[in-house]
Amino acid sequence: MHAIEFQGLGTAWSIAIDAPTVPEDLEGKIIAYVRDFESRFSRFLPGSEVNAFRNAVAGTYPVSSEFGRLLRRAAELRELTGGVYDPIVGGVLESAGYGIQSGAHPVQYGVTLPSWSIEDVSVTLDGPIAFDLGGIGKGYCIDRIADLIRSAGCSNFIVDGGGDMYGTSKADGRPWRVAIEYPGRPDTAAGVVELRQAGLAVSDSFRRRFGQEHHLIDLKNRKSVMAVVGCAAVAPDAWAADCMTSGLFLSVPERYPELARILQAAYLVFRADGRALASIDWEGELY
Amino acid sequence: MQKIPKGVVAIAVVIVLTVFVYYRYAMKLFPVVRTEAPSVMVQEAVFDKPREVSAEVGYPVPNDGYDNVRFTLVLDAEGAVTDVREVAVETNTADEHQVEFAQGLLAVIKGKKLSELEPVDRIGKSSLTTDAFNSVVNELQRQI
């Protein structure tokens with residue numbers, strides 16, 4: 001088993017390739033791709049592609065083919081979540097004075113919330129926009145690394161990008177056996193899945209990590225509601241799984257089936273009462 | 001850890017929502033056009049019915065903390081804002097009846113200690129994706 005490990009996108013990557021030999025230049029190619037991805041799509045780097053429109057005037061602009069692909073998927077997810085997911089969101093509070101990172105002056109959304117659309121590799125926007133691909137970027141990166149491994153002639157591998165992953169199978173044909181961490185409980189598994197030509201994403205919340213609580217204000221209904229504390233998704237690739245978990249967090253339950261159908265994902269949604277909703281097609285043990 | 005005062009954040013939301021009404025009358029939303037097609041056509045977005053718009057943002061707080069909050073504006077069919085909600089990411093609401101109605105199984109999951117499991121190859125877990133990009137800046141600053 002050949003291991004490739006490195007830090008990238010702020011997390012620890014671990015790749016296992018089940019083959020007797022692996023091309024020498026593969027590790028370098030993978031790391032180079034990740035570094036390039038970071039510099040192009042991090043919203044905290046002033047020169048990144050996602051920040052190219054922080055001072056833009058309304059108009060239609062060309063984007064790179066990768067950015068175009070990412071934006072087209074973001075637009076699709078925006079549609080599937082009824083507009084709740086939108087990669088422009090980073091700028092909303094930034095305009096109000098929060099979340100400004102060093103080196104980038106704040107985007108000004110001014111008096112109107114910007115809108116944007118993407119067609120092929122042309123993005124049309126009606127004012128300055130700061131894009132944030134958090135929530136869909138990592139899965140995409142995992143899949144591109146899988147492509148690099150495949151084109152190096154290796155077909156049995158698993159790419160683990162800090163807990164989201166894509167696995168083909170082991171050399172003996174068996175699937176990769178992956179425990180799903182119970183959101184917020186690092187030493188506990190909620191279940192186990194078998195990955196065979198499939199991607200997995202697991203998501204929980206930041207707030208629990210930092211030990212802060214935030215009061216839920218549901219002004220309309222004024223009733224106690226069941227909190228979603230985390231979710232997991234298995235899909236044909238890591239990008240779809242990543243998009244699925246983002247969609248699950250930002251959707252009402254009525255939208256889950258359509259999301260799952262478009263992204264071809266099975267999913268788990270963990271509730272605060274210790275129960276979890278598993279889609280009908282969820283496979284694997286649950287504890 | 002010091003939090004950004006809720007009142008100030010709420011004012012930011014009020015600013016956004018009160019001018020969003022102006023935005024609805026002054027600007028036309030661009031239609032969403034899909035060019036990648038897995039299997040199903042997605043209809044053009046037509047925002048003339050009640051809907052919600054949500055902004056989920058993470059922002060740094062003093063002492064290297066990180067805060068995450070989501071604002072949701074509820075719009076009626078004319079695009080006027082009828083409600084605003086501030087929701088923490090992990091308290092995304094799921095109405096009990098709706099969750100049980102969805103096609104699936106609702107199971108009590110107690111979890112098992114990893115040490116009690118048959119050996120696994122990997123552990124799937126959450127990583128702080130937004131923090132991931134954040135830390136690239138830290139690395140760059142260290143290099144300066």
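Read the figures in this text as sums done on the coordinates, not as results from a lab. Just so it is clear, the model here is predicted, and its values are computed rather than measured. Here the Cβ is made from the backbone with ideal geometry for all residues, glycine too, and neighbour counts use every protein chain on show.
Neighbours of residue A:30 by Cβ distance under 15 Å: Lys/Arg scored +1, Asp/Glu scored -1, total -4. The fewest-to-most ranking of A:231, A:154, A:243 by surrounding Cβ atoms within 10 Å reads A:154, A:231, A:243. Using the Cβ of residue A:260 as centre and a radius below 13 Å, the other residues enclosed give a net charge of -1, where K and R count +1 and D and E count -1.
Each residue in A:159, B:108, A:192 was given a count of other beta-carbon atoms within 10 angstrom of its own, and listing them fewest first yields B:108, A:192, A:159.
By the count of neighbouring beta-carbon atoms within 10 Å, fewest first, B:52, A:5, A:38 end up ordered A:5, B:52, A:38.
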